[in-house]
Amino acid sequence: MRRKANPMAASEESSSLESSSPSFTSGVVTALPVALAGGATGIVGVVVTVLLARILSNQGYGSYAQLISIFLIVSMPGSALIVAVVRRTASWRTAGSHVALRDWAKKVHDRMHRLLGIFVALVIVLSYPLSMLMAKRSPVSMALVLIAAGVWVVLCIDRGFLQGTQQYRGLAMNYLVEGVVRTALVLAFGVLFKLPGVAIGIFLGEAITALHARRCANAALEKTTGDGLAVVPPSIRRDIVVDLVAALAALALLALLQNIDVLILGHVNPHQSGEYAAVSIACKSLVYAAVVLGSYLLPEAALSHQEGDHALRQLAITLGILAIPATILIVMGEFFPGQIIKLVYGARYLGAESAFGPLAVAMTFLSITFLVVMYLLAHANRWIVGLLGLAVVVGAIAIHFAHGVPLKTAQADLFVQIGLCALSCIGLMVAHRRLKRSGKPLLTAQPE
């Protein structure tokens, strides 16, 4: 049976929901606070990277790069939770079920706190064997970074509510809090305690950011309107679990694609891990920019999906903004790699600068892939998980056969990223054509 939206709920909601197809100019204005905050946070992150390269030894900096890679991989369920939270929030906002949304938010917070407690207990038990497995005799650093990743997962719940309610200014402020606070703490403790101090700073920074996000999310949920009488169809409720599993798999695979070169080269050629890490961290800051822009694209695409529409204009906006830092990074990597590494990190990190150019291009393609994946997940196209899994297998094999040589490692990564991006974009075009042929709203509130 086809369903139609409840006009009474929709009338109250229409004032708070933005159009699913804004003009290009208005879309840029809406996305700009998030992009600027993310850009500022990224710049601060570069400053931290540069200063840590001078504070830590080459081997210590290589260990730092590995800890960051572990943080990104372990914290990836947070990004998956964002996808599920945004899609559910968009569903209930479209239906006008705001009372149910607030009740669900409280249950989610309670459950995540319990899970975080269990996770912390496991980390305390496993941190020592994990640090030995990574050949890093710093179980305290390992434990703090893993716990910080768990806190970041909880933080993502509230960022999902901010995105789902389209509170982009509050989201932008939270990015700034994370960048500024974590930077200050990482540098302060890093100077005092080296690598363990860096881990302490990361943990405290994420904890403070999580508290700020909770406060902003609670305020955003209180601002929502509606009579609370409309309900989300059972099929939408069931899809939340599928969304979470698909997003978790997709984003975990994306994290591996982003960091697999560092992990394999660090294992095969540990003597150049610090030099390659300097190039890698600089290039992979572009992926962080894509993640920030995805926090605008995801809710816009999810809301458009509920209304049976597309969000290609919003996708074009995010790609247009991403093109600016991508172009700068590629120019630096292709024409001034040695000068940039020497200026930013110091002469002792020279040795892998030949990898700068191809790795910058590779991360540009991966950033595009990330945005396309966010769009597809928002529109419930879960087949992308299989493609990402295939890319991880191919990438691991290709990078392994580079035998730890920085340039060959970056080139192997580049070829894999080009192929993945091309196939993802083709899949997006096919999905768009199917949506255009159907032309039916995907979510409605009441049976006819």
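The values are calculated or read from the model by the stated rules, or taken from the named source; none is laboratory data. Just so you know, these numbers come straight off a predicted model, no measurement behind them. Here Cβ is always computed from backbone atoms with ideal geometry, including for glycine, and neighbour counts include all displayed protein chains.
Quick test of your reading of the structure: Gly274 fulfils all but one of (1) under 25 Å from Thr369 (Cβ atoms); (2) crowded, with 23+ Cβ neighbours inside 10 Å. Name the failing condition by number.
For Gly274, the exception is condition (1).
Looking at this structure, is Ala213 surrounded by fewer than 24 Cβ atoms within 10 Å (Cβ to Cβ) and either among the hydroxyl-bearing types (Ser, Thr, Tyr) or free of Cβ contacts under 8 Å to residues at least 60 places away in the same chain (or both)?
no
Would you list the helices (runs of 4 or more DSSP H) that sit entirely within the range 266-349 and hold 2 or more residues that are under 20 Å from Thr409 (Cα atoms) and without any contact (Cβ under 8 Å) to a residue 40 or more places away in the chain?
Passing ranges, in order: 312-335.
For the range 113-138, name all the residues that are modelled with pLDDT under 85 and not basic (Lys, Arg).
Selection gives Ser127, Tyr128, Pro129, Leu130, Ser131, Met132, Leu133, Met134, Ala135, Ser138.
Can you give me the number of residues within the range 401-422 that are out of contact with any helix residue (DSSP H, G or I) (no Cβ under 6 Å at 6 or more places or on another chain) and assigned to a helix (DSSP H, G or I)?
Number satisfying all stated conditions: 4.
Among the residues of the range 100-112, is there at least one that is crowded, with 23+ Cβ neighbours inside 10 Å, modelled with pLDDT under 85 and on the phi < 0 side of the Ramachandran plot?
Yes, there is a match, as at least one residue in the range 100-112 is crowded, with 23+ Cβ neighbours inside 10 Å, modelled with pLDDT under 85 and on the phi < 0 side of the Ramachandran plot.
Let's see how each residue does on (1) more than 23 Å from the chain's Cα centre (by Cα); (2) in a helix (DSSP H, G or I); (3) touching a residue at least 12 places away in the same chain (Cβ under 8 Å):
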| position | (1), (2), (3) |
| --- | --- |
| Ile70 | no, yes, yes |
| Val99 | yes, yes, yes |
| Trp104 | yes, yes, yes |
| Met112 | no, yes, yes |
| Gly117 | yes, yes, no |
| Met142 | no, yes, yes |
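For the range 44-62, name all the residues that are modelled with pLDDT of 75 or more and within 22 Å of the chain's Cα centre (by Cα).
Val44, Gly45, Val47, Val48
Please state which one of Ala31, Ala80, Ala90, Ala37 is within 28 Å of Ala250 (Cβ to Cβ), in contact with a Leu (Cβ under 8 Å, 6 or more places away or on another chain) and modelled with pLDDT under 75.
From the options Ala31, Ala80, Ala90, Ala37, the qualifying one is Ala31.
Please identify the pairs in which a residue from the range 233-256 that is over 16 Å from Leu390 (Cβ atoms) and at pLDDT below 60 has its Cβ atom under 6 Å from the Cβ atom of a residue that is hydroxyl-bearing (Ser, Thr, Tyr) and surrounded by 18 or more Cβ atoms within 10 Å (Cβ to Cβ), counting only partners at least 6 apart or on another chain.
Filtered contacts from the range 233-256: Ile236/Ser91.
What number of residues within the range 154-169 are buried (at least 22 other Cβ atoms within 10 Å of the Cβ), over 17 Å from the mean Cα position of the chain (by Cα) and assigned to a helix (DSSP H, G or I)?
Looking only at that region, the number is 0.
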